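**Student:** My questions will all concern the structure given below.
The values are calculated or read from the model by the stated rules, or taken from the named source; none is laboratory data. Here the structure is a predicted model, which means the values were calculated and not measured. Quick reminder, even Gly has a Cβ in these numbers, built from the backbone with ideal geometry, and neighbours come from all protein chains shown. Only protein heavy atoms, including side chains, enter the accessible area calculation; ligands, DNA and RNA are left aside. Shrake-Rupley method; radii C 1.70, N 1.55, O 1.52, S 1.80 Å.
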Amino acid sequence: MGDISVLRLSKSFGSEPGSQVLALDDVSIDIPTGQFLCIIGPSGCGKTTLLHAIAGFERPSKGEARIDGRMISGPGPDRIVIFQEYGLYPWLTVAENVEFGLRAKGLNAARRAEIVRHYVNLVRLDGFEDRYPHEISGGMKQRVSIARALAPEPAVVLMDEPFAALDSLTRDVLQEEILRIWSVTGQTFVLITHNVDEAIFLGDRVMVMTARPGRIKAVIDVDIARPRDPAMRTHDPRFLAIKDELAAHLRDEVALAAA
Amino acid sequence: MTGVGEKAVTDAAGALPTSTAKPTKTALEGWRLGVTPTLAGLRHYALIPILILAWEIGVRTGWIDGAMLPAPSAILNALVDMSEAGLLWRDVWASIVRVTVGFGLAAVVAISLGLAFGVWPRAAAYLNPLIELIRPISVLAWIPLAILWFGLGDKSAWFIIFLGSFFPIFTNTYLGARSVALIHIRVAQSFGAGRMLFVRQVLFPSSLPYIVAGLRVGLGVGWTCVIAAELIAATSGLGYMIQLARTMIETEKVMAGMVVIGVVGFAMNAAMLWLERKLIPWAQPR
Ligand SMILES: Nc1ncnc2c1ncn2[C@@H]1O[C@H](COP(=O)(O)OP(=O)(O)O)[C@@H](O)[C@H]1O
Ligand SMILES: [Mg+2]
């Protein structure tokens with residue numbers, strides 16, 4: 001469960017033919033169940049558009065996206081998005097936010113409480129259950145958003161630059177936690193990032209996109225054994241080699257995007 | 001409407017957010033800090049006693065005709081007389097009960113309808129022009145119909161107050177229902193939230209700041225409506241009382257009634273402002 005396949009997907013925005021923006025152009029990629037795919041590319045290249053097509057928020061203009069063979073025609077609880085800006089409900093407490101997806105699933109109160117406790121502990125937020133989002137830091141908000149996404153056990157977790165707004169220390173910690181969680185759940189993870197180190201450290205594969213219109217420039221296998229040590233980012237020769245390769249791909253595209 | 005405050009609190013390795021250290025203060029300093037805003041707020045009322053004093057002097061020196069505009073002291077006397085006779089309180093109570101009924105009905109119907117319009121935008125597209133056509137009709141224009149339909153008495157007044165309160169509450173609720181952040185809608189869709197869950201935990205709380213603002217305006221309009229309704233269509237209440245005093249040419253009683261109307265309205269508004277802060281702690285203007 002959680003096998004994504006994107007086939008020749010294109011997406012353009014705008015209704016009048018003259019002012020249409022082609023955001024994605026003929027993108028095809030298969031993401032097998034349990035894989036961690038990272039997507040990297042210059043801003044405005046269509047990364048969010050691709051993620052939203054998989055989430056079901058955007059309809060493709062051409063082509064299709066499927067999950068476990070079924071055509072994706074709208075959002076659903078098998079694919080949960082973690083947004084950069086968290087998307088927490090400010091009127092609900094930490095625990096109530098995490099509970100939201102469980103209510104949607106129709107679970108009874110006892111079962112919900114049990115699952116909420118588990119996920120609140122998993123993201124190390126115990127003691128903060130009754131706080132409101134405006135009472136906690138950005139890093140903690142993103143933890144809540146992660147717990148909320150994971151609680152109903154979706155087959156696919158989609159993350160759109162989840163750590164971009166956080167300081168680098170918090171980001172490092174959350175990266176390791178995401179890896180720890182992913183390694184036990186076996187869910188399919190797709191994560192968009194601007195950060196080459198993050199993409200290599202987390203991903204089984206890294207997909208590089210071209211400047212607009214977004215196409216796939218390269219898909220690079222990260223053949224580094226897990227569990228991965230955060231220190232590898234400065235020491236591991238294989239890590240550094242992949243980093244060079246990715247950086248070269250990106251340099252061309254960022255130059256194009258800026259031109 | 002302001003968004004949620006993004007407070008920068010460092011969070012490394014899941015540590016507790018560091019509390020902002022406050023410099024220690026003496027008890028007296030602390031007391032001053034607590035009291036100063038209240039005093040500063042009171043200062044803004046300074047014009048009122050000055051105006052009343054000038055008015056009193058104006059009447060006593062004959063510069064203002066006391067028959068046209070009775071002196072504040074005469075109004076105060078009338079107030080004390082009426083309150084001692086107990087009649088004033090009966091009328092105040094009658095008006096407050098009326099506004100509570102009319103406003104309460106309006107709140108229930110307007111909030112439900114505003115949220116329903118948010119849930120069913122297609123139905124809303126057909127119904128909204130109807131509401132927009134009725135809205136500009138002054139409640140005063142409804143009074144003859146109200147008397148025809150409900151006769152003189154409470155029901156007419158309720159109807160008039162209902163109409164007056166309904167539109168501000170409805171308009172604000174509907175605006176709130178259309179202002180739910182896209183990301184909040186997407187989160188709900190993504191989790192597959194049903195309609196009831198969406199209304200209870202997303203649509204309603206997200207619209208609440210708008211709803212409460214609408215309730216405050218609606219109560220204010222309802223309070224002006226109760227007086228209008230009582231002037232014509234009732235046999236008790238503050239509106240009826242000042243109408244009766246007018247026919248007796250007891251101008252100071254008319255004005256005493258007006259003072260009470262002003263004070264009660266002011267208190268209602270203050271209560272609603274307090275409620276606004278209580279109900280929506282996540283959306284405080286900074
Ligand atoms: N709803 C939309 N309407 C019009 N244009 C859009 C919309 N969403 C995205 N775009 C455009 O599509 C392109 C890709 O956007 P996006 O997927 O957000 O890029 P990225 O996430 O890679 O920064 C951008 O040029 C953006 O302006
Ligand atoms: Mg984006």
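**Student:** Using protein chains only and a probe of 1.4 angstrom, how many square angstrom of A:Phe13 are accessible, to the nearest 10?
**Tutor:** Accessible area, nearest 10 Å²: 70 Å².
**Student:** So if R0 is 35 Å, what FRET efficiency would B:Ala267 and B:Asp65 give, r being the distance between their Cβ atoms, rounded to the nearest 0.05?
**Tutor:** Approximately 0.65, to the nearest 0.05.
**Student:** Between A:Arg66 and A:Ser43, how high is the FRET efficiency from 1/(1 + (r/R0)^6) when r is the Cβ-Cβ distance and R₀ = 25 Å? Nearest 0.05.
**Tutor:** About 0.35, to the nearest 0.05.
**Student:** Now, a different point. Each residue of region A:112-129 in turn: what ³J(HN,Hα) in whole Hz from Karplus with 6.51, -1.76, 1.60 and θ = phi - 60°, glycine and Pro shown as x?
**Tutor:** 4, 4, 5, 5, 4, 4, 4, 6, 5, 5, 4, 9, 6, 10, 4, x, 10, 4
**Student:** Excluding same-chain pairs closer than 8 in sequence, count the lysine pairs in the protein assembly as shown whose Cα atoms lie under 22 Å apart.
**Tutor:** So the count of such lysine pairs works out to 11.
**Student:** Further question: Counting other Cβ atoms within 10 Å of each Cβ, which chymotrypsin sites (Phe, Trp or Tyr not before Pro) in region B:93-164 have at most 13 and sit in a DSSP loop?
**Tutor:** In loop regions of region B:93-164 (DSSP not H, G, I, E or B), there are no sparsely surrounded chymotrypsin sites (Phe, Trp or Tyr not before Pro).
**Student:** Where does helix A:94-105 land angle-wise versus the long Cα axis of chain A, in degrees 0 to 90, nearest 10?
**Tutor:** Here the helix axis deviates by roughly 80 degrees.
**Student:** Moving to a separate point now. So how much accessible area does A:His118 have, in Å² to the nearest 10, using a 1.4 Å probe?
**Tutor:** 100
**Student:** Further question on the same structure: Using only Cα atoms, locate the centre of region B:48-81 and the centre of region B:129-162, then give the distance between them in Å, rounded to an integer.
**Tutor:** 36
**Student:** So if I take the centroid of the Cα atoms in region B:222-261 and the same for region A:231-259, what is the distance between those two points in Å?
**Tutor:** 80
**Student:** Looking only at other chains, what is the average number of their beta-carbon atoms within 10 angstrom of each beta-carbon in A:80-88?
**Tutor:** Average per residue, whole number: 3.
**Student:** Here is a further query. At 1.4 Å probe size, what's the solvent-accessible area of B:Ile50? Round to the nearest 10 Å².
**Tutor:** 110
**Student:** Quick check on the protein assembly as shown: of the DSSP beta bridges with both residues there, what percent are antiparallel, nearest 5%?
**Tutor:** Antiparallel bridges: around 50 percent, rounded to the nearest 5.
**Student:** Shifting gears a bit: Roughly what % of DSSP beta bridges within chain A run antiparallel, to the nearest 5?
**Tutor:** Antiparallel bridges: around 50 percent, rounded to the nearest 5.
**Student:** Can you pull the Kirkwood radius for region B:59-155, inverse mean 1/r over Cα pairs, to one decimal in Å?
**Tutor:** Mean inverse Cα-Cα distance, inverted, gives 18.1 Å.
**Student:** Between rounded, prolate and oblate, where does the protein assembly as shown land on the alpha carbon gyration tensor, with a ≥ b ≥ c its root eigenvalues, rounded for a/c under 1.5, else prolate if a/b exceeds b/c?
**Tutor:** Prolate, because a/c is 1.5 or more and a/b exceeds b/c.
**Student:** Shape verdict for region A:87-153, please, from the Cα gyration tensor: rounded (a/c under 1.5), prolate (a/b greater than b/c) or oblate.
**Tutor:** Since a/c reaches 1.5 and a/b is larger than b/c, the shape of region A:87-153 is classed as prolate.
**Student:** Once you put a point 7 Å from the Cα of B:Lys155 and another 7 Å from the Cα of A:Ser15, both along the Cβ direction, what distance in nm separates them?
**Tutor:** 4.9
**Student:** ³J(HN,Hα) across region B:69-84 via Karplus (A = 6.51, B = -1.76, C = 1.60, θ = phi - 60°), whole Hz, x for Gly/Pro?
**Tutor:** 9, x, 5, x, 5, 5, 5, 4, 4, 4, 4, 4, 4, 5, 5, 5
**Student:** Here's something else I'd like to know. Carbon and sulfur atoms: what percent of the 1.4 Å accessible area of region A:87-153 do they account for?
**Tutor:** Percent of accessible area from carbon and sulfur atoms in region A:87-153: 42.
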